[in-house]
Structure formats: structure tokens, C-alpha cells
1. Report, by residue number, each residue of segment 62-87 that is modelled with pLDDT under 70, assigned to a loop (DSSP other than H, G, I, E, B) and charged (D, E, K, R).
2. Give me the residue from segment 2-61 that is among the basic types (Lys, Arg) and outside any helix (DSSP H, G or I) and, out of that set, farthest from Ile73 (Cα to Cα).
3. Write out, first by first residue and then by second, each pair whose Cβ atoms fall under 9 Å of each other, whose residues are 6+ apart or on separate chains, and whose first residue, in segment 22-47, is within 24 Å of Leu71 (Cα to Cα) and assigned by TED's automatic domain parsing to the domain that holds Leu70 while the second is surrounded by 11 or more Cβ atoms within 10 Å (Cβ to Cβ) and basic (Lys, Arg).
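The values are calculated or read from the model by the stated rules, or taken from the named source; none is laboratory data. Quantities reported herein were computed from a predicted structural model and do not represent experimental measurements. Heads up, the Cβs are rebuilt from the backbone with ideal geometry, glycines too, and the neighbour counts pull from every protein chain shown.
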Amino acid sequence: METNKNNFFNLLKLVKDHDRWMDETINLIASENRLSPLINEVLKSDLGNRVAEGWIGERVFPGIAGPRLLLCIAIKPNKPLLESSNRFTNL
């Protein structure tokens, strides 16, 4: 049991070391950059683990009413920009 506890704390230390390193690094690949504090908060919430299948308003899973509203609010002002800049954008 002690080994599992040590492994857990070693993992946490590695994560903190990585975060510290990322704070001191400039990544030249966009997908490797740090997320904004707001996005980090959203992903740490229950929303970070939600599954949504189907189009907005026609989702298969009934337990996503809150996330559906959040998506609608987030998409509305950005949809014209995304549609005009990239025909492959899928929200």
C-alpha cells in the first residue's frame, strides 16, 4: 500500500515539475502551448468529462442540458468567423 502512495506522490511531483517547466518554456507548436486559466477551470470541472453525440439540440444523451446551453452561448458569436475561415471546422 505504501508503494502505491509513493507512486501517487511521485506522479504529482512529475506533473508539478512539468507545469513549472512549461511556465519557463515557449512552445513553437500551437497544440503544445498552455491553456488559458479559464479553459483550465472548465476542463477541471465536470464539463471536461462530458460526452456529447449528435448535433446541438439533437443530442443523444439527456444529461447534458447545462453543457448544451454553454455550447450554444460559446458558439453563437464565433460561428461566422469559424465558418468563413475554415470549411473543415466542426463544432
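1. Listed by number, the list holds a single entry, Arg87.
2. The selected residue is Arg34.
3. Filtered contacts from segment 22-47: Asn40/Arg34.
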